[in-house]
Amino acid sequence: MESNLVSYVLQDSGILIEAALVLYVAWTSQWKGQGAVAFYLSSLLVAQLTRACVLHEYGLTSLRYYYAYWSTDFLLVISAFVAMCLFFRRACLREEKMWRLIRLSLVLLFVLVAAISGVSLSLNRHDFFTYFIVGFNQNLYFTCLVLNTLLYLLLQHIDSTDDQLGLLVCGVGIQFAGPAATLALVHLTTGGRYAKLLAYLSMPLCTLGMLLVWAYVIVYVPKTASGLARRDVPLLAVPARELEL
Amino acid sequence: MIPATFVLILSAALFFFYLHVICQKILRRQFDREYFESIVNANRLEFPSLRKSLEELGAPVDYPRLRMMLKCDFLALTYLLKNAANVNQRYSNEEQLLILYCRWQFLSLAVRRLLKVGEKKAILRVTSVLQYFANVVGQRVNTVRFGNLTAADYLLNL
């Protein structure tokens with residue numbers, strides 16, 4: 001009961017921060033510069049509001065809540081994947097050749113995850129939600145965690161000066177890694193009570209952690225040139241007189 | 001069983017790694033000048049000399065004394081963070097995260113001491129957090145003025 005209360009408080013705080021951040025991004029006209037952030041935050045907001053409404057209307061054990069939960073989870077993992085693609089694009093803004101390769105790899109990866117999840121659906125056609133949506137969500141979720149790590153390594157490799165992107169990626173890492181670890185623990189302890197409690201709390205807590213990191217990035221960290229590597233020579237300012245000539 | 005163990009180890013490691021990177025990125029924030037010096041002098045903090053001796057001289061470490069020095073500096077700076085020129089009288093979110101990080105590094109220092117590996121690294125991380133705290137306090141104090149003097153100058157002239 002207490003863990004439920006804590007979880008609800010964390011979720012509601014998350015919704016408030018998401019709404020505040022979406023409003024802040026809109027207010028400061030950062031939609032273009034922070035497209036991936038705005039997109040994922042909006043998806044989170046829509047998903048959590050839908051869940052809260054259905055939960056309030058039909059209760060935790062209702063079938064409608066079950067469908068609403070997994071449908072919105074599907075929306076969230078797809079949004080997370082799209083946000084990861086947008087982050088990769090931002091990282092490779094000046095590396096067109098690399099971006100073409102990465103874009104192809106991302107498409108192939110998505111098709112592969114869908115195909116793997118489709119295999120389990122073909123074996124159990126009677127329950128689309130349990131065998132496809134849940135499986136697909138789990139697979140794509142873990143794929144996003146791996147992709148996020150690869151993106152972090154890529155940023156180190158190209159020595160990116162985009163400090164905002166570095167922190168955004170770390171925020172996403174917390175959001176993905178925490179719940180993945182606790183869910184694996186639940187699986188290993190075959191649904192142990194404390195592991196379940198930890199998993200129940202870790203999801204909203206990690207989302208809250210990511211939102212706080214993102215809020216810090218959007219509000220405090222100045223935007224630097226995207227895709228510009230530290231090794232790149234900065235462009236020299238041309239004197240006004242030369243321009244006139 | 002094996003995939004779940006693999007996911008658990010990998011995810012937990014990544015979780016702590018990302019937390020560490022976030023803290024390091026916050027610590028890399030540039031201040032417009034070295035505010036920490038006036039705070040260090042006014043409060044007789046010892047972490048800069050400790051860091052200097054470690055970086056330049058590689059002096060042998062007297063662990064109990066070193067831990068005590070760092071703890072004292074940490075307590076003094078966290079007190080100042082909360083109370084010196086802080087209108088809200090509370091820590092910001094990033095300060096809370098860094099306080100947790102600093103405590104984690106103290107724990108890590110104790111473990112590294114037991115295992116006798118990489119103590120210097122943990123000490124340098126603690127000193128970088130302390131320097132950040134001193135910079136934040138110095139920057140805040142610098143905005144408060146006593147007559148013609150900033151609070152930092154006032155403290156230096158005591």
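Readers should treat all values here as calculations from the given coordinates under stated rules, not as data from a laboratory. A quick note: this is a predicted structure, and the numbers were derived from the prediction, not measured. For neighbour counting, all protein chains shown are included, and Cβ atoms are generated from backbone atoms with ideal geometry for every residue, glycine included.
Data table
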{"read-out": "Partner lysines for B:LYS121 [C-alpha distance under 25 Å; skip if fewer than 8 residues away on the same chain]", "value": "B:LYS25, B:LYS52, B:LYS71"}
{"read-out": "Net dipole in debye of the stretch B:2-156 [+1 Lys, Arg Cβ; -1 Asp, Glu Cβ; about Cα centre; nearest 20]", "value": "360 debye"}
{"read-out": "10 Å Cβ neighbours from other chains, averaged over peptide A:200-212", "value": "1"}
{"read-out": "Candidates per trypsin sites (Lys or Arg not before Pro) in the stretch A:18-108, loop by DSSP, up to 15 other Cβ within 10 Å", "value": "A:LYS32, A:ARG94"}
{"read-out": "Principal-axis tilt of helix A:2-27 within chain A, Cα atoms, nearest 10 degrees", "value": "30 degrees"}
{"read-out": "Neighbouring partner chain Cβ atoms per residue of B:3-10, average, 10 Å criterion", "value": "5"}
{"read-out": "Exposure proxy order (Cβ contacts within 10 Å, fewest to most) of A:TRP214, B:TRP104, A:TRP27", "value": "A:TRP27, B:TRP104, A:TRP214"}
{"read-out": "Value of relative contact order over the stretch A:1-143, rounded to a whole percent, pairs C-alpha under 8 Å and six or more apart", "value": "19 percent"}
{"read-out": "With Cα atoms, 0 to 90° folded angle of helix A:163-188 axis to chain A main axis", "value": "20 degrees"}
{"read-out": "Neighbour-count ranking [beta-carbon atoms within 10 angstrom, fewest first] of A:ASP162, A:ASP73, A:ASP127", "value": "A:ASP127, A:ASP73, A:ASP162"}
{"read-out": "Contact order normalised by residue count of chain B, Cα under 8 Å, 6+ apart, percent", "value": "35 percent"}
{"read-out": "Charge tally in the Cβ shell below 14 Å around A:MET84, where Lys, Arg are +1 and Asp, Glu are -1, A:MET84 excluded", "value": "+3"}
{"read-out": "Axial C-alpha extent at least 20 Å, average Kyte-Doolittle at least 1.6 - helices from chain B (DSSP)", "value": "B:2-27"}
{"read-out": "A:ILE174, B:ILE123 arranged by Cβ crowding within 10 Å, fewest neighbours leading", "value": "B:ILE123, A:ILE174"}
{"read-out": "With at most 12 neighbouring Cβ atoms within 10 Å, loop trypsin sites (Lys or Arg not before Pro) (DSSP) excluded, longest segment of chain B", "value": "B:45-89"}
{"read-out": "Nearest 10 degrees, 0 to 90: helix A:134-157 Cα axis against chain A principal axis", "value": "20 degrees"}
